[in-house]
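Below is one structure, written out as structure tokens; comments come after it.
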Amino acid sequence: MADRDLVSMAQQFSGLPMDSLIGAPLNAAAKGNASMALTQTSFLLDTCFNKVTSTPSSGSGAADVSYTPIMIEMSLSRPVIVQSNNTQGSGSGSSGSVSFDNVTTQFNLPLLTIIPINSLGVDNVDITFEMEVKSSFSEDTSKTIENSTHAQASFEAKMGWGPFSATVKGSASYDHKDSETHSTHYQKSNSAKYTVNVHAGQLPIPKGVNTIIEAFTNAIQPIDVTV
Amino acid sequence: MQFNINIPCPVCQTQIPADSNLLLTGMQFSCPNCNAAIGLSPKSAPVVENAMNEFEELKKEVATKKNMTNE
């Protein structure tokens with residue numbers, strides 16, 4: 001009867017190394033992302049900042065390294081209302097015409113703020129693991145019993161008296177047949193499916209970088225430029 | 001049209017949607033609030049162009065790392 005037992009589904013799944021199955025691809029993605037973050041940081045420091053190395057005054061200490069943002073110059077054009085004084089004429093008050101002049105000023109912006117750095121990194125990781133265990137058992141039993149009996153008998157009697165004679169013949173037969181068929185079909189099955197979906201999304205721009213960019217951008221002020 | 005950066009307007013602090021590559025072409029972007037237009041000064045164009053080129057290289061490098069991660 002032991003052959004009829006189906007496999008235990010729980011037992012099948014309990015032996016799976018789920019940590020490795022889910023964790024390994026995620027770890028690879030995380031390592032990749034960390035590597036990309038380092039590359040991105042190097043890019044930001046090398047491209048968007050000027051590295052300033054100053055030797056310490058004490059002499060023996062390590063050199064101080066600081067980074068200053070590379071600034072780019074932007075132009076700002078905006079219409080301003082200009083009132084031109086009209087001193088000619090006989091009027092007592094000053095009368096003037098109002099006109100719109102397009103004034104161009106300039107402002108400086110850190111180079112960092114115009115690089116779309118948040119478009120880098122692993123944005124999506126999907127791990128789909130599917131395992132299906134199926135177990136089935138089927139048994140067919142067929143039994144046929146057939147009995148057949150056959151019997152046959154015959155007799156003949158003859159008698160005579162003078163010129164008369166009589167003959168009697170007889171026969172008897174017997175047939176008997178029993179048939180019995182027994183059929184059994186036994187089947188059982190079970191199946192289980194184990195599906196794991198892991199989704200890891202890309203976080204927005206790192207808070208630290210965002211803070212730096214916000215500090216830079218909030219400090220943007222137009223400056224007057226004499227043309 | 002999809003812009004990839006936002007630059008705060010120096011006049012009213014409203015975010016001005018802009019595109020780094022289009023800034024390089026000399027295009028100006030208007031503030032949706034005060035209509036002030038901002039653009040890249042020609043003298044800063046080489047610096048930005050260099051940075052954008054390096055950024056494109058970085059994106060390629062990242063794409064390679066992504067492919068390696070997927071494999």
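The values are calculated or read from the model by the stated rules, or taken from the named source; none is laboratory data. A quick note: this is a predicted structure, and the numbers were derived from the prediction, not measured. With ideal geometry, Cβ positions are generated from the backbone for all residues, glycine too; neighbour counts draw on all protein chains shown.
In segment B:1-23, what residues are buried (at least 19 other Cβ atoms within 10 Å of the Cβ) and more than 9 Å from chain A (Cβ to nearest Cβ)?
Residue satisfying the conditions is B:ILE16 alone.
If a residue must be closer than 17 Å to A:ILE70 by Cα and of a type in the set (A, V, I, L, M), how many such residues does segment B:24-65 contain?
Here the count works out to 7.
Criterion first (assigned to a loop (DSSP other than H, G, I, E, B) and free of Cβ contacts under 8 Å to residues at least 40 places away in the same chain) does B:VAL47 satisfy it?
Judged against the criteria, B:VAL47 is not a match.
Only one residue in A:PHE129, A:PHE107 is over 30 Å from A:SER77 (Cβ atoms) and in contact with a strand residue (DSSP E or B) (Cβ under 6 Å, 6 or more places away or on another chain), so which one is that?
Answer to the selection: A:PHE129.
Find the residue count for segment A:43-71, including only residues that are at pLDDT below 80 and under 41 Å from the mean Cα position of the chain (by Cα).
Selection size over segment A:43-71: 0.
Could you identify the single residue in A:ALA34, A:ALA28, A:ALA62 that is without any contact (Cβ under 8 Å) to a residue 24 or more places away in the chain and assigned to a loop (DSSP other than H, G, I, E, B)?
Unique residue meeting the criteria: A:ALA62.
Taking A:ASP101 as the residue in question, decide whether it is at pLDDT 80 or above, of a type outside the set (Phe, Trp, Tyr) and out of contact with any Leu (no Cβ under 9 Å at 6 or more places or on another chain).
Yes.
Determine whether A:GLU146 is surrounded by fewer than 10 Cβ atoms within 10 Å (Cβ to Cβ) and modelled with pLDDT under 85.
yes
Mind counting the residues in segment B:20-31 that are assigned to a strand (DSSP E or B) and within 11 Å of the chain's Cα centre (by Cα)?
Qualifying residue count for the region: 0.
In segment A:20-41, what residues are within 12 Å of chain B (Cβ to nearest Cβ) and among the small types (Gly, Ala, Ser)? Step through it out loud before you land on a result.
Within segment A:20-41, the first condition is being within 12 Å of chain B (Cβ to nearest Cβ), and the residues that meet it are A:24-41.
Within segment A:20-41, A:ALA24, A:ALA28, A:ALA29, A:ALA30, A:GLY32, A:ALA34, A:SER35, A:ALA37 meet the criteria.
Within segment A:42-64, can you find the residues that are surrounded by 10 or more Cβ atoms within 10 Å (Cβ to Cβ), away from every other protein chain (no Cβ under 11 Å) and β-branched (Val, Ile, Thr)?
A:VAL52, A:THR55 - these are the residues of segment A:42-64 that are surrounded by 10 or more Cβ atoms within 10 Å (Cβ to Cβ), away from every other protein chain (no Cβ under 11 Å) and β-branched (Val, Ile, Thr).
Inspect all residues belonging to segment B:32-39 and state whether any of them is within 13 Å of A:ILE114 (Cα to Cα), within 15 Å of the chain's Cα centre (by Cα), within 7 Å of chain A (Cβ to nearest Cβ) and modelled with pLDDT of 90 or more.
Scanning segment B:32-39 turns up at least one residue that is within 13 Å of A:ILE114 (Cα to Cα), within 15 Å of the chain's Cα centre (by Cα), within 7 Å of chain A (Cβ to nearest Cβ) and modelled with pLDDT of 90 or more.
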